[in-house]
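What follows is a short report on a single structure.
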Amino acid sequence: MKLNKDITKQKWFAYTTATCSAVLLYLVLTHLTYYLGIVGKFFKIIGPIVIGLVIAYLLSPICAFFERRFEKGIKQEKLRRTVAVVVTLLLVLAVIIVLFVAFVPQLVGSIAYLFSNMYNYIVGLERWVKDISDFAESMNINVIDFSGKITEFLNDILTKLPGKMDSFVSTGIKVGMSVSNFLLGVFIAIYLLMDEKRMTTGVKRVLRATLSTEKYHRTAVFWARCNSIMLRYLGLDILDGFVVGIINMVFMLIFRMPYAVLVSVIVGVTNLAPTFGPIIGGVIGALILVLVNPGYAFLFIIFTIVLQTLDGYIIKPKLFGSSLGVPAVWILISIIVGGKLFGVLGILLAIPFASIINFLYEDVIDAKIEEKCQEQREKGKEFQEKLLAEEAQKQQESDGR
């Protein structure tokens, strides 16, 4: 059904369209949590496929590297691709095994030792709080309410910790489901890597058939730029987290702090998440250390502030080179929306997605706005010249009379 052009020009039609759009926008915003929940459930169902796509995307450059290296020795393309995928998987597996051998025993031992000594740590912390309270009273400083709340909090931990085994079991079940989804995603990634060229060729053929030559090349340039931003950010972000974790471990070992490997792994992993990650890592590390020695926790917090300042102003600029140029508000919105839709993965990818949206706005939308503004300026200039010409003509006619 086509609308009459005369109807669309009527004022009531414009007002009705604007009102309906406003009502629809209000309904979407007021029920945004509900709609995000539906989208989240959908992505939860296709979680293994998303994991497979992410793994295949991350391993694709490594496969391409080995495929180029085997180009002279293996002439058959399919066999060369298969060998490249197998070598890539073996390389990744070797790195994982090395990390497991180097860190996992220490991590497991640290976690077991931490929980086995939890009671002694909390009792010692209570004693430390009591000593501080007694010292404050001797100096006529009233900290009874504060120390009482801390003692009550620690007693709650001691009484409630044994009853939390059911939550530990449910958490273990969730971890098991996540591991199964990850393994399923790995198998999906292998198939995607094996058929990558055939799939990319098919997508290119569809784009060539549906788009003009100019639009096809623009689309190819756009996706190449997106791919460059994403891979560069992910690789350098992982390297940055590794560097921060190593620096943190060296610091803790120098000052002979306990749980150096456990806390450093937490700090390095949480550092991958933008904005809030370093704060979470610092808080978790301080909570672990405060059970052993509050002095360690205080020193760790001071070092974390210094390290994150160093990371933000020296390490990250050196690794990433020029800034991605993403406004802070875009990053914050991307973190919130990405976390709601994709969980941890959405938070990790918030900055590259924000960067892609930002350059898309600058290159496409802002360029069109500037083009429209230029047209308006030219029209305004022509209109002014026309007015000046009319004024000059009227002046000439007036002088002739």
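The values are calculated or read from the model by the stated rules, or taken from the named source; none is laboratory data. Every value quoted in this text rests on a predicted model; they were computed, and no experiment measured them. A quick note on method: Cβ atoms are made from the backbone with ideal geometry, for glycine too, and the neighbour counts reach across all protein chains shown.
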Against the conditions (1) loosely packed, with under 11 Cβ neighbours inside 10 Å; (2) of a type in the set (A, V, I, L, M, F, W, C); (3) modelled with pLDDT under 75, where does Leu319 fall short? Just the number, please. (1)
Hey, Gly338 hits all of (1) touching a Ser or Thr at 6+ places or on another chain (Cβ under 8 Å); (2) small (Gly, Ala, Ser); (3) at pLDDT below 75 but one; which does it fall short on? (1)
Quick check: anything in region 12-22 surrounded by 14 or more Cβ atoms within 10 Å (Cβ to Cβ), modelled with pLDDT of 70 or more and farther than 30 Å from Gly338 by Cα? no
Of Ile229, Ile188, the only residue that is under 30 Å from Gln308 (Cβ atoms), in contact with a helix residue (DSSP H, G or I) (Cβ under 7 Å, 6 or more places away or on another chain) and surrounded by 11 or more Cβ atoms within 10 Å (Cβ to Cβ) is Ile229
State all residues of region 233-261 that are without any contact (Cβ under 8 Å) to a residue 24 or more places away in the chain and either surrounded by 13 or more Cβ atoms within 10 Å (Cβ to Cβ) or not basic (Lys, Arg) (or both); if no residue qualifies, say none. Gly235, Ile246, Met249, Val250, Leu253, Ile254, Ala260
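Please verify whether Lys368 is at pLDDT below 75, part of a helix (DSSP H, G or I), of a type in the set (Lys, Arg) and within 49 Å of the chain's Cα centre (by Cα), treating the condition exactly as stated.
For Lys368, the condition - at pLDDT below 75, part of a helix (DSSP H, G or I), of a type in the set (Lys, Arg) and within 49 Å of the chain's Cα centre (by Cα) - is met.
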Matching option when the condition is part of a helix (DSSP H, G or I) and closer than 24 Å to Phe100 by Cβ, among Val267, Val290, Val283: Val267
Counting only residues that are among the polar types (S, T, N, Q) and more than 32 Å from the chain's Cα centre (by Cα), how many does region 42-81 have? 1
Does region 185-201 contain at least one residue that is over 29 Å from the mean Cα position of the chain (by Cα), in a helix (DSSP H, G or I), modelled with pLDDT of 80 or more and within 30 Å of Val92 (Cα to Cα)? yes
